[in-house]
1. I need every pair where a residue in segment 190-209 that is touching a residue at least 12 places away in the same chain (Cβ under 8 Å) and at negative phi has its Cβ under 9 Å from the Cβ of a residue that is among the charged types (D, E, K, R) and surrounded by fewer than 11 Cβ atoms within 10 Å (Cβ to Cβ), sequence separation at least 6 or different chains.
2. Whether any residue in segment 22-41 is open to solvent by 90 Å² or more (accessible area, probe 1.4 Å), closer than 20 Å to Cys96 by Cα and aliphatic (A, V, I, L, M) is what I want to check.
3. Could you list, in sequence order, all residues of segment 192-208 that are touching a helix residue (DSSP H, G or I) at 6+ places or on another chain (Cβ under 8 Å) and either open to solvent by less than 80 Å² (accessible area, probe 1.4 Å) or basic (Lys, Arg) (or both)?
4. I need every pair where a residue in segment 269-281 that is farther than 16 Å from Ala254 by Cα has its Cβ under 7 Å from the Cβ of a residue that is hydrophobic (A, V, I, L, M, F, W, C) and exposed (fewer than 10 other Cβ atoms within 10 Å of the Cβ), sequence separation at least 6 or different chains.
5. What do you reckon, is Asn172 of a type in the set (S, T, N, Q), more than 30 Å from Val42 (Cβ to Cβ) and open to solvent by 20 Å² or more (accessible area, probe 1.4 Å)?
6. Any idea which residue in segment 1-21 is farthest from Cys96 (Cα to Cα), counting only those that are polar (S, T, N, Q) and open to solvent by less than 80 Å² (accessible area, probe 1.4 Å)?
7. Looking at segment 136-162 only, could you name the residues that are at pLDDT 90 or above and not in a helix (DSSP H, G or I)?
Amino acid sequence: MFNLATEIFTNPGEIHEVSKKITNHLFEQSNHPHIKNGEVYVAYLTNLSIDNNVVDAIGVFKSEIMSDFMQFEEKGKTLQMILQQGINLNKLDKGCLIFNYKKEEGYKILSVDSNRYDTRYWLEHFLSVDAFQDENFITKKYLKFCQGFAKDVVFPAEDKKEEVMFMNRSVNYFAKNDQFEETNFLNEVLDNPDLIPEFKNYKVDKGEKYSIEDVTSFPIANGAVSDARKSIKNVINLDTNIQIKLDFINPESAEKYVEKGWDEEKQMYYYLVYFNKEQKS
């Protein structure tokens, strides 16, 4: 695909001939029974903006699902209804934009795929792409790494509340800072200083898995932080079928108004929650 894209960018007038090669290449990678038939469209686009640069791009789109729609035609005094099939503009089945930008790194590409079950053939076999390791990539990966640390180390060492609060403080650190500094981050988000060497040991063991083994400082991508906030659970699930949901925006509320203890008589743990009044839904 890199060679075919370069062919088009070098001579845009040849896009029709090269589009045949692109379609054949896609067909050759589509031999899995789960992969659906469809129609392929290749377009040459101009004046697109990426990273504040105006460049050309190649669009490759695959439509797999045809939608029914009605057409109406006047015939004398009657109106004839015609049922036809076409492509729904509201949802793209598969598509990518290959920007004539950062050629030396393999061009920068944006890709979308609405079918998760066959994503590998589109990204890996057809496009042969890797995730672009920019600040968005590193921010997402580091927060994923923090989730792993919270689950594997903080929860066993402390409790579920502290696991949730660690991720709460981590996300808020990323949200309020433009630049990540690991030492500053650890001092701010880890209440228990004994966990700092545990964090560093965990990074030695698991850092490569998350592609952050050598990362200690990077610009923070705000969009990646917003996405992470939506995916991180801030709920304590108890075996008594009760859930306690903590607020990501105001973590100090959980610190001040939620206490954990042990009841000798019942031989059970408890959470004590303070409040002034119940709020309306």
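1. Filtered contacts from segment 190-209: Gly207/Asp214.
2. no
3. Correct list: Asn192, Leu195, Ile196, Phe199, Tyr202, Lys203, Lys206, Gly207.
4. Tyr269/Trp262
5. The answer is yes for Asn172.
6. Asn11
7. Across segment 136-162, there are no qualifying residues.
Conditions (1) within 20 Å of Asn168 (Cβ to Cβ); (2) part of a loop (DSSP other than H, G, I, E, B); (3) touching an Asp or Glu at 6+ places or on another chain (Cβ under 7 Å); (4) open to solvent by 40 Å² or more (accessible area, probe 1.4 Å), marked per residue:
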residue	(1), (2), (3), (4)
Ala224	yes, no, no, no
Asp227	yes, no, no, yes
Lys230	yes, no, no, yes
Asn241	no, yes, no, yes
Ser253	yes, no, yes, yes
Lys256	yes, no, no, yes
Gly261	no, no, no, no
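The values are calculated or read from the model by the stated rules, or taken from the named source; none is laboratory data. Predicted, not measured: the structure shown is a model, and the values here were computed from it. So basically every Cβ, Gly included, is an ideal-geometry build from the backbone, and we count neighbours across all protein chains shown. Quick note on the areas: whole protein, heavy atoms, side chains included, nothing else; ligands and nucleic acids left out. Shrake-Rupley method; radii C 1.70, N 1.55, O 1.52, S 1.80 Å.
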